[in-house]
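Here is the structure we will look at.
The values are calculated or read from the model by the stated rules, or taken from the named source; none is laboratory data. Keep in mind that what you see is a predicted model, and the values were worked out from it rather than measured. Note that we place each Cβ from the backbone using ideal geometry, even for glycine, and neighbour counts take in every protein chain shown. Side chains are part of the model used for accessible areas, which takes the heavy atoms of the whole protein and leaves out ligands, DNA and RNA. Shrake-Rupley method; radii C 1.70, N 1.55, O 1.52, S 1.80 Å.
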Amino acid sequence: MNRTGRVLLVLALVAVVGMAFRVSWNALRDVARAIGADTTAAWLYPFVVDGLMALALVAALVLTGDARKFALRVLASYTLASLVLNYVHGLVPDLHSESIGWSRLAEGDWTNWALVLLATSLPVGSIYFGSDLVAKVLHHRPPVDPGERESVQTDTNQSMAELGEPVVDEPTALPAPEPVPVGSVDVSAVPVEVRVPVAAAEVSRPRRATGRVPVAARSARPVRSEAELLAEARSLTESWPVEKLTGEGIRKALHTSAAKARVVRETLKAERERDAAAVVS
């Protein structure tokens with residue numbers, strides 16, 4: 001439906017509700033005068049009953065859960081009460097007179113007492129139920145959609161696994177073989193440790209810099225033999241004095257382990273001592 005159609009529909013609804021209220025207002029005013037209300041109170045009485053019906057309807061559209069059920073009960077109760085009083089107004093012709101004062105609403109005493117109790121309790125109920133409905137509407141908080149709540153989460157609240165951090169598995173090895181007597185070992189039957197190549201898990205998004213690079217992600221450095229280390233050390237320390245031939249200095253120069261640096265140091269010192277002895281002789 002376009003905008004013009006909606007506007008016309010709302011205007012028609014307002015007109016129908018206004019005319020219906022005018023009809024109900026006439027009956028409720030006469031009932032209020034019959035139970036002893038003065039002119040001003042009788043004129044306001046229809047707004048107390050039918051006005052609370054409109055308030056309960058609006059509250060039912062806003063509230064949810066138990067509060068909405070409460071608003072619908074109030075709406076149904078006051079609608080039924082207004083219907084009963086309009087029905088009584090149609091059954092008692094004396095209520096239609098302009099000069100009528102305090103009068104009976106029914107022939108029987110018990111029926112009259114019940115109708116008077118209903119008519120007089122509606123204003124008090126409007127004060128109580130109307131205040132309760134307004135308080136519920138003012139304190140109402142619409143429920144939050146769980147999907148919307150999850151959509152506003154940022155990456156800082158997620159774990160490394162959720163951000164696509166590669167997970168490296170431990171290398172697996174076969175069980176150790178049982179001891180076999182010397183001389184009867186079958187080489188083909190000896191289990192060999194198998195290292196499964198570990199590949200980094202596929203990352204669904206670009207990985208952010210997190211500091212130190214994991215060992216599994218580092219590029220492999222070629223392993224040098226002792227002869228290669230010794231040849232490289234001779235070239236680097238050729239101009240070094242003997243006092244500078246320390247394990248720490250050689251380790252830093254060759255970028256090797258401390259144990260291998262000590263071996264190279266002892267070898268270089270032994271070569272220089274041999275060369276010095278050869279020169280003296």
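Some observations on this one:
Residue-wise test of (1) exposed (fewer than 10 other Cβ atoms within 10 Å of the Cβ); (2) in contact with a Pro (Cβ under 8 Å, 6 or more places away or on another chain); (3) modelled with pLDDT of 55 or more; (4) closer than 23 Å to TRP43 by Cα.
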{"position": "VAL88", "(1), (2), (3), (4)": "no, no, yes, yes"}
{"position": "ALA114", "(1), (2), (3), (4)": "no, no, yes, yes"}
{"position": "THR120", "(1), (2), (3), (4)": "no, no, yes, yes"}
{"position": "GLY125", "(1), (2), (3), (4)": "no, no, yes, yes"}
{"position": "PHE129", "(1), (2), (3), (4)": "no, no, yes, yes"}
{"position": "ARG141", "(1), (2), (3), (4)": "yes, no, yes, no"}
{"position": "SER151", "(1), (2), (3), (4)": "yes, no, no, no"}
{"position": "LEU163", "(1), (2), (3), (4)": "no, no, no, no"}
{"position": "PRO166", "(1), (2), (3), (4)": "no, yes, no, no"}
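- Every test in (1) open to solvent by 90 Å² or more (accessible area, probe 1.4 Å); (2) touching a Gly at 6+ places or on another chain (Cβ under 7 Å); (3) not basic (Lys, Arg) is passed by LEU52 save one, and that test is (1).
- Hits in region 259-281 - residues which are of a type outside the set (A, V, I, L, M) and either crowded, with 16+ Cβ neighbours inside 10 Å or part of a helix (DSSP H, G or I) (or both): LYS260, ARG262, ARG265, GLU266, THR267, LYS269, GLU271, ARG272, GLU273, ARG274, ASP275
Yes/no matrix, rows are residues, columns are (1) open to solvent by 30 Å² or more (accessible area, probe 1.4 Å); (2) farther than 15 Å from GLY125 by Cβ; (3) touching a residue at least 24 places away in the same chain (Cβ under 8 Å); (4) in a helix (DSSP H, G or I):
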position	(1), (2), (3), (4)
ARG33	yes, yes, yes, yes
GLY36	yes, yes, yes, no
THR40	yes, yes, no, yes
TYR45	no, no, yes, yes
VAL48	yes, no, yes, yes
LEU61	yes, yes, no, yes
PHE70	yes, no, yes, yes
VAL74	no, no, yes, yes
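- Residue match in region 8-25 (condition: modelled with pLDDT of 80 or more, surrounded by fewer than 16 Cβ atoms within 10 Å (Cβ to Cβ) and of a type in the set (S, T, N, Q)): no
- Options VAL48, VAL10, VAL14; residue that is of a type in the set (A, V, I, L, M, F, W, C) and touching a Pro at 6+ places or on another chain (Cβ under 7 Å): VAL48
- Residue among ASP66, ASP50, ASP38 that is more than 28 Å from VAL137 (Cα to Cα) and modelled with pLDDT of 80 or more: ASP38
- Checked against the criteria, THR256 counts as polar (S, T, N, Q), outside any helix (DSSP H, G or I) and either open to solvent by less than 30 Å² (accessible area, probe 1.4 Å) or in contact (Cβ under 8 Å) with a residue 12 or more places away in the chain (or both).
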